[in-house]
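**Q** Pasting a structure below so you can have a look.
The values are calculated or read from the model by the stated rules, or taken from the named source; none is laboratory data. The structure presented is a predicted model; accordingly, all values stated were derived computationally and were not measured. As a convention, Cβ positions derive from the backbone with ideal geometry for all residues, glycine included, and neighbour counts pool all protein chains shown. Ligands, DNA and RNA are excluded from the accessible area calculation, which covers all protein heavy atoms including side chains. Shrake-Rupley method; radii C 1.70, N 1.55, O 1.52, S 1.80 Å.
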Amino acid sequence: AAVASGPRLLIQPPRRRLLLANVFFAPQSIGGATRVVQDQVAALLEHAADRYAITVLCTDHDPWQRDDRAGVPEPEDELQPVTVDCHDWHGARVVRLALPPRSWRLHHDATVAAFCRWWLPQEGFDLIHAHCLQVLSTAPLLVARQLEIPYAVTLHDGWWLSPRQFLTTASGQPVDLADPLSHYDAPDLQPPELLEADRQRRRDLEAVLAGASARLAVSAPF
């Protein structure tokens, strides 16, 4: 006799956990790169929400909660507390940090690194996609590398190479991308310690980019 089968259970595979990092995010839609990230998140939510759980890490443009000892690098043993705000954006979770402004040379934030060392292991992200890291700094990617979380980087501007984001000097000359000092029109007039800081920054950031699973450019020149 035929045996009637019961209802078939459709087991949905677990969604991969994706983190996108950018300096700002909606409703603070500041700059072209931020709008690109928002469009990317919107497309993922529309076409791949069944496969990806989306989180965005960003900063608050004008946080009223901030303790503004602005832009001063903290020693690892003197970390400042960071205020975190979480909210939903059309199905994506947005995690927003209240951080002070940051000069171009301060490319690593020990406070953000400490937050990421605490937060990333709890989240279990499968992939991190970094966009503009100004203010956030390279800390999320350095921690990701320590935790063996793969990351990709989209190169929106020249921040990785020069304080001149469009890669021209103050006098309008093109920056020599192979020379970490070429953003100065007269590097010989700069203090030696400043020049060495720029050289070290280039070495540090080249290592971060070398560790990326992918480096994506927004145009042929970049």
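**Q** Less than 11 Å from a label point 7 Å out along the Cα-to-Cβ axis of Ala48: which backbone N atoms in region 13-35 qualify, by residue?
**A** 16-19
**Q** Now for a separate question. So who's got an amide H within less than 5 Å of the one on Thr59, skipping anything under 5 residues away but keeping other chains? H placed 1.01 Å off N, in plane.
**A** Distant-sequence amide H within range of Thr59: Phe24, Phe25, Leu97.
**Q** Checking understanding here: applying a Kyte-Doolittle mean of at least -0.5 and a length along the axis of at least 18 Å (C-alpha), which whole DSSP H helices in the chain pass?
**A** Sorted by number, the helices that extend far enough and score high enough are 32-48, 110-123.
**Q** Give me the 1.4 Å probe accessible area per residue for the chain, excluding ligands and nucleic acids, in Å².
**A** With the other protein chains kept in place, the chain gives 55 Å² per residue.
**Q** Probe radius 1.4 Å, ligands and nucleic acids ignored: give me the carbon and sulfur share of the accessible area of the chain as a rounded percent.
**A** Within the chain, the accessible surface is 56 percent carbon and sulfur.
**Q** Might you report the magnitude of the Cβ-based charge dipole of region 73-155 about its Cα centre, with Lys and Arg at +1 and Asp and Glu at -1, to the nearest 20 debye?
**A** Using Cβ point charges on Lys, Arg, Asp and Glu, region 73-155 gives about 260 debye.
**Q** 5 Å is the cut-off here: which amide hydrogens, built 1.01 Å from N in the peptide plane, fall below it relative to Leu155, excluding neighbours closer than 5 in sequence?
**A** Result for Leu155 returns Leu216, Ala217, Val218.
**Q** Amide H to amide H, which residues 5 or more places from His129 or on other chains are under 5 Å from it, using H placed in the peptide plane?
**A** Leu19, Leu20, Ala21, Ala152
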